Every structure is written in structure tokens, then in C-alpha cells.
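The values are calculated or read from the model by the stated rules, or taken from the named source; none is laboratory data. Because the structure is predicted, anything quoted here is derived from the model rather than measured. Virtual Cβ from ideal backbone geometry, glycine too; neighbours counted across all protein chains shown.
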Amino acid sequence: MKLEENPSSSLPKPEPDALARQWNQRLSTARKHWDTLHKRMRHNRKLVSGFNWSKEPDKEDFYTLRTNLIFATVAATLPNIYARNPEISVSPLHANVDRSLFCKTLETVLNRSLADAKLKKRAKSAVLAAMVTYYGALKVTYQRDMHQDSLIMDRMNDAQSALAHLEHLMQRTQRPEEAAQHEAHHAELKQTLQALQEQVDVVSAEGIVIDKVLSENVLIDPAVCEFHDYESADWMAQLVPMKRAQAESVFKVDLRGAKPYKEANGQATEHSSRFAMPDAPASEDEQICLIEIWDKQSKRVYTLADGCDFFVREPYSPSRVGCRWYPFFLLPFAVLDGQFTAPCLVDLTEKLQREYNDTREKFVQHRDMNKPHWVASSDISEKSIERHIQTAIGEIVLLDTDGRPVNQVITPGQGIPIQPADYDTGPIRADWEQVTGLQDAARSTIVTPKTATESNIMQQALSGRIGEFRDKVEDWLQEMSIYTAQILLQELTPEQVQRYMGPPKEQMTPDGQVIEISSFDWPQMSREQVFDMVEVTIRAGTTGAPDKLQNQEGWAKALPIVQQMIMQMIQLSAQGVDIEPIKALLRETMTRFDERIDIEQFIPRPPQPAPMGMQGAPSDMPPEMSEHSLPGGPAGLPPSESPVSTFNGV
């Protein structure tokens with residue numbers, strides 16, 4: 001990438017690049033292809049929010065909806081889908097090799113890494129996006145250095161952002177055209193330096209980072225037809241809004257020719273393009289759009305600034321990725337054969353909400369028309385009518401009726417009759433339950449009393465509807481967990497793993513020697529071996545809000561059966577009888593009660609025989625010691641392949 005000096009800026013400007021122009025054309029075609037879908041996404045988001053930002057905040061029409069049923073449904077559905085982080089389980093693929101300690105190590109490291117990356121917060125946001133904007137998107141990366149991973153939005157440490165701001169201030173203070181602001185920049189630079197000197201956090205942070213990406217900020221190759229084919233797309237791109245000054249400080253190139261990223265009140269305008277040619281001099285505080293392109297064909301990552309015909313940094317190949325090329329994980333609300341998108345929750349309920357609010361609004365208007373009033377004869381003078389209007393409580397009003405009865409001169413006015421059937425929202429609620437599966441009780445309201453049988457049937461229907469979406473979420477989380485595990489196995493060193501697992505344990509041998517037993521197993525293997533040695537799974541049903549009453553009832557029924565079968569296994573094992581059929585029966589029984597339960601933790605282990613050369617050792621020696629504290633390593637592995645021999649020095 002050749003650079004040329006720009007006389008109006010201290011930063012160089014790269015020369016035009018033919019490949020960059022080609023990618024700009026591809027991106028332009030993709031934007032046109034997805035433009036209608038992206039406009040619909042912004043419409044759905046605006047509809048669910050209910051705000052009209054063009055109105056004054058203190059006006060009645062600032063919030064447009066009398067009853068926001070869609071938002072209430074989303075809020076009631078979300079806890080049933082994702083209320084807690086999933087229970088991630090790691091098991092070996094090959095049963096003939098004992099990898100229990102390694103599986104435990106990877107499981108602990110994986111759960112801790114995802115929790116540190118705020119998986120729950122990001123995943124709930126993606127689930128919400130799937131219900132509103134067809135699909136949610138997360139990006140999983142491993143952060144090493146801010147300059148290398150410059151397009152990671154959720155930084156692990158604020159000190160890295162402070163360092164980038166410091167470099168930006170140093171550049172600005174050296175620009176001669178900004179001499180008038182030199183003193184202010186110098187003062188800000190001094191304060192930033194002082195803050196960094198007082199920084200108690202670690203400046204260099206490293207680990208898994210999960211970014212929530214707006215659905216419309218993910219561009220996919222238009223050749224993709226069905227949703228799940230996005231993993232096989234030729235390329236995917238991410239749009240990253242960033243201040244121009246920040247982008248220049250990171251990439252060290254002049255970006256004043258980039259198009260401004262146009263926003264209105266925190267979101268793009270509904271009927272206008274998010275990108276427009278600048279009609280005013282570029283400002284350092286304006287936002288531009290950086291585009292990170294992941295090309296699966298060439299296995300390269302390109303970085304462009306929208307409006308520029310050059311790469312802002314040299315294309316590169318990620319050093320370590322998982323089995324899948326793309327770090328983007330998309331979660332659909334629903335899928336449809338032959339279509340990339342299927343109707344989301346907003347599409348299914350928008351007209352019903354409009355009909356419901358229209359019915360309620362007309363009822364309120366009808367009710368307001370029926371104000372108490374009087375009807376008087378035209379023969380009565382206005383003065384008498386005025387006196388009657390101003391009558392106080394208990395006051396006697398004299399009315400000249402020319403000898404006619406008062407009830408023939410003035411009488412209460414008749415209101416317009418209200419027909420309850422005209423304003424009945426029952427059919428609308430019934431349709432709402434049909435399309436959402438969310439009954440009245442789930443929305444904390446009971447409009448129509450239901451029998452226990454009806455309620456049970458509707459609850460099963462809700463569980464089936466919610467269970468289908470939860471199954472998609474768990475598959476999505478499992479793909480993300482497998483990718484994260486593959487990255488961690490390649491990136492983490494034994495020293496980093498020890499921070500998760502703790503220091504080695506000390507154990508005394510029968511001859512009085514003290515040895516250290518490693519608390520973890522982290523073998524150094526090739527990429528192919530890493531991907532094929534373990535299986536990462538999500539325990540089903542572990543993301544939704546727990547039903548404590550149902551869990552307690554299920555466990556009360558299962559506990560006597562488990563206790564009886566465990567006692568039977570202990571007795572048969574003492575008699576030397578094969579207990580594998582009892583194990584299989586117990587495993588199948590517990591699966592019928594709750595498939596999330598790991599039955600292995602309930603099955604007692606037989607006492608370990610004393611290893612050769614250590615006669616007299618206690619029979620209850622921990623498995624870790626019998627496997628890893630002796631030369632030769634675990635059963636089935638030669639000494640050279642002992643997974644912890646390089647860690648404990650034995």
C-alpha cells in the first residue's frame with residue numbers, strides 16, 4: 001500500500017487500489033440487495049420503541065402507542081428463552097483414553113472466559129434483536145492488542161482506549177494548522193498522561209471478546225439464498241461506525257474523504273440512506289463507517305473506509321481461527337424454506353397491535369363524547385341557561401318556564417349508546433395468543449378464566465412454541481462455545497490456564513515425599529488434534545428461567561429411585577457382579593426425568609488399587625495422583641504423551 005503525503009494533513013493518504021475499488025462495488029451491490037430488509041429492521045425497531053423523536057418530549061404524541069403489546073410480549077418471552085448463561089459440558093470424543101482432567105479444565109476455562117466476556121448481556125441482546133429484527137448477531141474474537149484488533153467495539157480494558165486517545169492527542173498537537181488549539185490539546189494530553197500514570201488496572205488485557213453487532217450492520221454475500229447458508233457465503237462484512245479522529249489515530253492514514261455515517265437521534269432515518277456524500281468540511285468528531293470484510297475464498301480480512309478507494313490497513317490472514325472461518329454467529333427468530341428471512345414477532349403482531357389500539361382509541365373517543373349535558377327548549381333565554389350552568393351544589397335556581405313544567409323545558413341529554421361488542425378486544429387477544437403462544441397468564445393478566453385442563457394445554461403449547469426458539473438459541477450457543485473452545489486451546493498458555501484453575505496441589509507419598517499434582521491438564525497439540533479430541537455441548541433447557549417448583553417435584557420423585565439403584569450397584573460391585581446394566585438403566589431413568597442431569601457424578605467409583613512401586617498406599621488415593629503423579633502418565637499413554645508431565649516436572 002503506497003502512501004502519499006497530504007499537504008493539508010500530517011497523515012499520509014494511500015494511493016487508490018484496484019482491489020479496494022472492486023470490493024467497493026461488491027459492497028454497493030450488497031447494500032442495494034439488502035436495503036429493503038434493513039429498512040424494515042429499522043421500522044420494526046422504531047415500532048417496538050413507540051417513540052416519535054420528531055415531536056417535543058413533553059407533548060402527548062411523543063409516545064405514539066396507547067398499549068405497546070409487542071414490547072410487553074417481547075419482555076415476557078425473553079426470560080423464558082434466555083435468563084442465565086448455559087451449562088456448558090465438555091466430554092472426550094474417544095472413550096478409550098482418559099481425558100477427564102482435561103475436560104474439566106477446558107470446561108472451567110470456557111465457562112469463565114464466556115462469563116468474563118459478558119455472554120449473558122450480549123446473548124440476551126441478540127435474542128431480543130432476533131424477535132424484533134429477524135436475527136441477532138454476535139462476533140467472537142480473541143483480543144491481544146488494540147492496534148492489531150482495532151475493530152473490536154467492546155474493549156476489555158479502558159486503559160487501552162486511553163492509550164489510543166493519548167496517541168491521537170500527540171498527533172493533533174504536532175499539526176501546524178491547529179496551532180490555535182495547541183494549548184488546549186496540550187492540557188488534555190497532560191491530563192491523559194496523568195490518568196494513565198494513576199491507572200491501577202492492567203493496561204494490556206487479553207482474552208475472549210464478544211461484540212453485539214446490529215443486524216443491519218452485517219452484510220452478507222447476496223448469493224446466499226437460505227439463512228443457514230450464511231456460514232458458506234463467499235464473504236461477510238461488518239460495518240463499524242467510528243469517529244474520524246479515532247480511526248485516523250488507529251490506522252495512521254488521512255480519512256477526510258470518507259463518507260459521514262448519518263444518524264438521527266441515535267438511529268438512522270427511516271426513509272433516507274445512512275450514508276451520504278459530505279456537504280460540509282470534514283470534522284474530526286463526525287462519524288465515518290469502517291468496513292471489515294472477511295473473504296472466505298482468499299482467507300483474508302480487508303478493511304475499508306466507506307467512500308475511500310484504498311485499504312486503511314494491509315490485508316491480513318487471522319493467525320488462529322476455529323473450524324469455521326467466520327467469527328459472526330447469527331441467531332434467527334424463524335427460518336423458512338427457500339427464503340433468507342422468515343416473519344419475526346413484529347411482523348406477526350403489528351396489525352393486531354394496530355387493531356387493538358385503534359379499537360381502544362375509538363372506545364375512548366366514544367366515551368368522551370358522552371359528557372353529561374342538558375337539552376333546553378329554544379324558548380328559554382340564554383340568561384336562564386347560563387344561570388343553570390353555573391349552579392352550585394345545593395343552590396336553588398329560579399327558571400321562568402311560562403307556566404310549563406320544568407321537565408318540558410329542560411331535560412338531561414341522552415348519550416350515544418355504547419355497544420360493548422363493537423369494542424370487544426377478545427378476538428384480537430385470541431389471535432394474539434395464536435401467533436405468539438403467550439396466553440393471558442404468561443402476561444400476568446387473566447381476562448378470561450380458564451379451567452385447569454385448558455390452562456395446562458395452553459401451557460404445553462407455550463412450552464412447545466418457546467421450546468422451539470430456545471432450541472435454536474442453544475444450538476447457536478453451542479456453535480459459539482465450540483468456536484471459543486477451539487480459539488482458547490490455541491491461544492492460552494499453561495501459565496494463563498493456571499490463573500483459572502489454581503496452583504498445583506501438594507500430596508505426600510507413603511515414603512514421606514511431597515509431590516505436586518497439577519490441578520489442570522492443558523496439552524500442547526496441533527490444530528487438527530485440538531479440534532478432534534473433545535466434544536462441547538450445551539445442556540438442554542439451561543438458559544431459560546428455572547421453574548423451581550417443577551424442579552423440586554421432579555427431584556422428589558427421582559431421588560428414591562437414584563438412592564435405591566446406587567445401593568444396588570454398591571452391593572453388586574462388592575460381590576464382583578457386573579454393574580454396567582444397572583448403570584445404563586440408571587442413566588436412562590435420569591434422562592427421562594431430566595436430561596440436564598449428569599448421571600456420572602452420582603455413580604460411585606470403585607476403589608483404586610495401589611500402583612506398582614507404592615505398595616501400602618491408601619486405597620482411596622485420588623484419581624489425579626494415580627494418573628498423573630507417576631512416570632508413564634495416564635493409562636493408555638506413554639510417558640512422552642503424559643498431558644501434565646510438562647507442567648508438574650515429574
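Restricting attention to the stretch 520-530 and to residues that are surrounded by 17 or more Cβ atoms within 10 Å (Cβ to Cβ) and either part of a helix (DSSP H, G or I) or modelled with pLDDT of 80 or more (or both), the residue that is nearest to the chain's Cα centre (by Cα) turns out to be V530.
Across the stretch 323-346, the qualifying residues are those that are touching a Gly at 6+ places or on another chain (Cβ under 9 Å) and closer than 19 Å to H43 by Cα, and the one among them that is surrounded by the fewest Cβ atoms within 10 Å (Cβ to Cβ) is P332. Does any residue of the stretch 260-275 turn out to be in contact with a Leu (Cβ under 9 Å, 6 or more places away or on another chain) and modelled with pLDDT under 90? Yes, the stretch 260-275 has at least one match.
Filter the stretch 229-264 down to residues that are over 23 Å from R31 (Cα atoms) and in contact with an Asp or Glu (Cβ under 6 Å, 6 or more places away or on another chain) and give me whichever is surrounded by the fewest Cβ atoms within 10 Å (Cβ to Cβ).
A245
Of all residue pairs spaced 6 or more apart or on separate chains, those with beta-carbon atoms under 8 Å, a first member in the stretch 397-422 that is assigned to a loop (DSSP other than H, G, I, E, B) and a second member that is modelled with pLDDT under 80 and among the hydroxyl-bearing types (S, T, Y) are V397/T391; L399/S384; D400/S381; D400/S384. In the stretch 82-132, of all residues being touching a Cys at 6+ places or on another chain (Cβ under 8 Å) and at pLDDT below 90, the one that is nearest to M533 (Cα to Cα) corresponds to P92.
Every test in (1) assigned to a loop (DSSP other than H, G, I, E, B); (2) surrounded by 14 or more Cβ atoms within 10 Å (Cβ to Cβ) is passed by F102 save one, and that test is (1). Taking residues in the stretch 292-305 that are in the same structural domain as V240 (by TED's automatic domain parsing) and more than 29 Å from R244 (Cβ to Cβ), and partners anywhere that are crowded, with 16+ Cβ neighbours inside 10 Å and of a type in the set (S, T, Y), the pairs with Cβ atoms closer than 8 Å and at least 6 places apart or on different chains are K296/Y326.
On the phi > 0 side of the Ramachandran plot, surrounded by 21 or more Cβ atoms within 10 Å (Cβ to Cβ) and not polar (S, T, N, Q), is that true of Y142? If you could, list the steps in order and put the result at the bottom.
On the way: on the phi > 0 side of the Ramachandran plot: no; surrounded by 21 or more Cβ atoms within 10 Å (Cβ to Cβ): yes; not polar (S, T, N, Q): yes.
Answer is no for this residue.
If only residues of the stretch 482-519 that are modelled with pLDDT of 85 or more and in a loop (DSSP other than H, G, I, E, B) are counted, the one that is farthest from I88 (Cα to Cα) is T493. With respect to the conditions (1) under 25 Å from V473 (Cα atoms); (2) at pLDDT below 80; (3) surrounded by 11 or more Cβ atoms within 10 Å (Cβ to Cβ), L549 lacks only one, and its number is (3).
The rows are residues; the columns are (1) assigned to a helix (DSSP H, G or I); (2) surrounded by 15 or more Cβ atoms within 10 Å (Cβ to Cβ); (3) modelled with pLDDT of 95 or more; (4) β-branched (V, I, T).
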position	(1), (2), (3), (4)
L348	yes, yes, no, no
E361	yes, no, no, no
H366	yes, yes, no, no
K371	no, no, no, no
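Take A237 and tell me if it is assigned to a helix (DSSP H, G or I), over 20 Å from M131 (Cα atoms) and of a type in the set (A, V, I, L, M). Here the answer is no, as A237 does not meet what is asked.
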